[in-house]
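The structure appears below as structure tokens.
The values are calculated or read from the model by the stated rules, or taken from the named source; none is laboratory data. Computed from a prediction, not measured in an experiment: that's the story for all the values here. With ideal geometry, Cβ positions are generated from the backbone for all residues, glycine too; neighbour counts draw on all protein chains shown.
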Amino acid sequence: MKMEEKKFEETKKDSTSFINRVDFAKGSGLVPVVVQDQKTKDVLMVAYANKEAVALSFETGVAHYWSRSRASLWKKGETSGHVQKIREIKMDCDADTILYLVDQVGVACHRGTWSCFDESPT
């Protein structure tokens, strides 16, 4: 087992406590999730998650989100195969934003790019 996988396995034990500390109420049941590649540190995307999505991410080790447009749970890569393997989950100091550190398989963006953040002003 890789060190990252071992670290995540250890944090899974405290997942209920972690989830209970997240302030889902502030965002009407949703929190933003910043997704960062574990190796490159590239910010890949921002999505939203409800309590169930975060719990599934801990449980399965694969990133889950809440699709606001479809109003349903969404397992990243379920149809494309471009999954995000969770290596660590953190929350910010206000407990209203989550960070997923992931091993990205394939591309992260639905437009076929590595990151959703490839647009610049020029």
How many residues of the range 62-75 are in contact (Cβ under 8 Å) with a residue 24 or more places away in the chain and crowded, with 21+ Cβ neighbours inside 10 Å? The answer is 3
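Residue by residue, here is whether (1) over 15 Å from His110 (Cα atoms); (2) in a loop (DSSP other than H, G, I, E, B) holds:
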site: Tyr48; (1), (2): yes, no
site: Glu52; (1), (2): yes, no
site: Trp66; (1), (2): yes, no
site: Ser69; (1), (2): no, yes
site: Trp74; (1), (2): no, no
site: Glu78; (1), (2): no, yes
site: Ile86; (1), (2): yes, no
Going through the range 28-41 in order, the residues found to be of a type outside the set (Val, Ile, Thr) and either surrounded by 15 or more Cβ atoms within 10 Å (Cβ to Cβ) or at pLDDT below 95 (or both) are Leu30, Gln36, Asp37, Gln38
Quick count over the range 78-93, residues being free of Cβ contacts under 8 Å to residues at least 60 places away in the same chain, of a type outside the set (A, V, I, L, M, F, W, C) and surrounded by 18 or more Cβ atoms within 10 Å (Cβ to Cβ), is 2
Of Asp23, Asp96, the only residue that is touching a Lys or Arg at 6+ places or on another chain (Cβ under 7 Å), in contact (Cβ under 8 Å) with a residue 12 or more places away in the chain and assigned to a loop (DSSP other than H, G, I, E, B) is Asp96
* Is there a residue being of a type outside the set (A, V, I, L, M, F, W, C) and touching a helix residue (DSSP H, G or I) at 6+ places or on another chain (Cβ under 7 Å) anywhere in the range 66-76? -> no
Per the list (1) assigned to a loop (DSSP other than H, G, I, E, B); (2) free of Cβ contacts under 8 Å to residues at least 60 places away in the same chain, residue check on Glu59 breaks on (1)
